[in-house]
Amino acid sequence: MNAHRAQATDQVHQLSVGGKLLASRVIVGTGKYDTLEQMRASLDASGSSCVTVAVRREKLYDRDGKNLLDYIDLDRFTLLPNTAGCYNAKDAVRVARMGREILRALGNPGADWVKLEVLGDTKTLLPDPLATLEACEKLVQDGFKVLCYTSDCPIMAVRLKSAGAASVMPAGSPIGSGQGILNPNNLKIILEYLKSDDPNYPVIIDAGVGTASDVAQVFELGADGVLLNTAIAHARDPVLMASAVCHAAIAGREAYLAGRIPKRLYAMASSPEEGLITSRPW
Amino acid sequence: MVEFEFNGTPQKAQAATTIRGLLESSRIESRFCAVEVNEQILPKDQYDSYRVQAGDRIEVVTLVGGG
């Protein structure tokens, strides 16, 4: 690979969001791994430079002395604290502020970032749109860069961008479901609406990814990034799946930039008609 | 003794116990945590000066794996 090609490739695969430039378009979660060692190896294999984390009570008893942060290189990874498990705006704002307090003390660049999730019910884990919008407005006012989980509703996506979200993050399908991209048409509309007068506005597909081809599809649709956790952590071999996701993101983004051919109903030969030595039976 | 709530659990401590003392006795790494007293974040530079009051609701959180 020559120098020009290498540089172009780097730019193609960087993600600009919330005033920062991430080296990879893949954001990965840190939950659900069998061990922290397995998580660390998977984060490494994913090529990601940004990982999500959750804010939870310290355990007062039965502490094994291990902290997640002992297994994440804070010089390499931007931490993106989430508000997972919040079902109203007040709780989400409170949790976001506590995450910021921890990251500020650590000097991590993700300190003013939040992955906002305000959920509607425990069965679907779909977002509560009204509470999400309310929390987004409050957090933006409070100086946060809000990366906002939402459904694949284009109207809601527009409302969240208008409220100041640094990135709108529609779900491909329900969290942890592994169903992939259920409604690519809605995602196309979201991308069109949010980028029509603002082509660099980052849209990140968050949730529902089941395997590497879903990641490739996300990027082929024109999304700027993908956020996933379960597809890697619950794969039979998480480290290998993380590597597959890394490659799929690169492949999908390059395919999007290269431009897919239009679909045709009938075939079109790739070999020339001219010079054929064969005859046809009709 | 003062009675207070610590991460949702009723607790007792010696009068004049500081937040720092509370964290140390619970073997909590203060570098990786945030502390709320009555739903207000307590800045780290006040861990040595704030003394737990009767009826306080104290929450100590850290970062864990999540998506």
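The values are calculated or read from the model by the stated rules, or taken from the named source; none is laboratory data. Quick caveat: nothing in here was measured; it's all calculated off a predicted structure. Cβ atoms come from the backbone with ideal geometry, glycine included; neighbour counts cover every protein chain shown. Remember, those area values only see protein heavy atoms, side chains included, never the ligands or the DNA or RNA. Shrake-Rupley method; radii C 1.70, N 1.55, O 1.52, S 1.80 Å.
Yes or no: the stretch A:236-258 includes at least one residue that is acidic (Asp, Glu), at pLDDT 95 or above and within 28 Å of residue A:159 (Cβ to Cβ). No, the stretch A:236-258 contains no residue that is acidic (Asp, Glu), at pLDDT 95 or above and within 28 Å of residue A:159 (Cβ to Cβ). Of the residues screened, residue B:2 is not one that is touching a residue at least 12 places away in the same chain (Cβ under 8 Å), within 25 Å of residue A:105 (Cα to Cα), among the hydrophobic types (A, V, I, L, M, F, W, C) and open to solvent by 10 Å² or more (accessible area, probe 1.4 Å).
Only residues that are part of a loop (DSSP other than H, G, I, E, B), touching a strand residue (DSSP E or B) at 6+ places or on another chain (Cβ under 9 Å) and among the hydroxyl-bearing types (Ser, Thr, Tyr) were counted in the stretch A:228-268, giving 0. In this structure, residue A:47 does satisfy being away from every other protein chain (no Cβ under 11 Å) and either buried (at least 19 other Cβ atoms within 10 Å of the Cβ) or polar (S, T, N, Q) (or both). Looking across the stretch A:123-133, just one residue is of a type outside the set (A, V, I, L, M, F, W, C) and touching a Lys or Arg at 6+ places or on another chain (Cβ under 9 Å), and that is A:129. Residues that are within 16 Å of residue A:82 (Cβ to Cβ) and away from every other protein chain (no Cβ under 14 Å) occur at least once in the stretch A:218-234. All conditions but one from (1) buried (at least 19 other Cβ atoms within 10 Å of the Cβ); (2) farther than 28 Å from residue A:215 by Cα apply to residue A:113; the one that does not is (2). Could we say that residue A:79 is open to solvent by less than 10 Å² (accessible area, probe 1.4 Å) and hydrophobic (A, V, I, L, M, F, W, C) here? Spelling it out, residue A:79 is indeed open to solvent by less than 10 Å² (accessible area, probe 1.4 Å) and hydrophobic (A, V, I, L, M, F, W, C).
Tallying residues that are aliphatic (A, V, I, L, M), out of contact with any helix residue (DSSP H, G or I) (no Cβ under 8 Å at 6 or more places or on another chain) and part of a loop (DSSP other than H, G, I, E, B) within the stretch A:58-117 yields 2.
Which ones in the stretch B:10-50 are assigned to a strand (DSSP E or B) and either within 13 Å of chain A (Cβ to nearest Cβ) or surrounded by 15 or more Cβ atoms within 10 Å (Cβ to Cβ) (or both)? Within the stretch B:10-50, B:10, B:11, B:13, B:18, B:33, B:34, B:35, B:36, B:37, B:40, B:41, B:42 meet the criteria. Report yes if residue A:103 is open to solvent by less than 10 Å² (accessible area, probe 1.4 Å), within 10 Å of chain B (Cβ to nearest Cβ) and more than 24 Å from residue B:37 (Cβ to Cβ), otherwise no. Considered against the rule, which asks whether it is open to solvent by less than 10 Å² (accessible area, probe 1.4 Å), within 10 Å of chain B (Cβ to nearest Cβ) and more than 24 Å from residue B:37 (Cβ to Cβ), residue A:103 comes out as no. Take residue A:24 and decide whether it is in contact (Cβ under 8 Å) with a residue 60 or more places away in the chain and either among the small types (Gly, Ala, Ser) or at the interface with chain B (Cβ under 8 Å from one of its Cβ atoms) (or both). Yes.
Residues of the stretch A:73-99 that are aliphatic (A, V, I, L, M), at pLDDT 95 or above and under 23 Å from residue B:27 (Cα atoms): A:95, A:98. Within the stretch A:73-96, the set of residues being at the interface with chain B (Cβ under 9 Å from one of its Cβ atoms) and in contact with a Leu (Cβ under 9 Å, 6 or more places away or on another chain) comprises A:79, A:81, A:82, A:84, A:85. Could you list, in sequence order, the residues of the stretch B:42-67 that are closer than 20 Å to residue A:99 by Cβ and over 10 Å from the mean Cα position of the chain (by Cα)? Those that are closer than 20 Å to residue A:99 by Cβ and over 10 Å from the mean Cα position of the chain (by Cα): B:43, B:44, B:45, B:46, B:62, B:63, B:64, B:65, B:66, B:67.
Just one of the listed residues (A:175, A:204, A:102, A:181) is closer than 30 Å to residue B:30 by Cα and in contact with a Leu (Cβ under 7 Å, 6 or more places away or on another chain), and it is A:102. Annotation: of all residues in the stretch A:154-194 being under 15 Å from residue A:223 (Cβ atoms) and free of Cβ contacts under 8 Å to residues at least 12 places away in the same chain, the one that is most open to solvent (accessible area, probe 1.4 Å) is A:192. Being of a type outside the set (A, V, I, L, M), under 15 Å from the mean Cα position of the chain (by Cα) and farther than 19 Å from residue A:51 by Cα holds for only one residue in A:152, A:128, and it is A:152.
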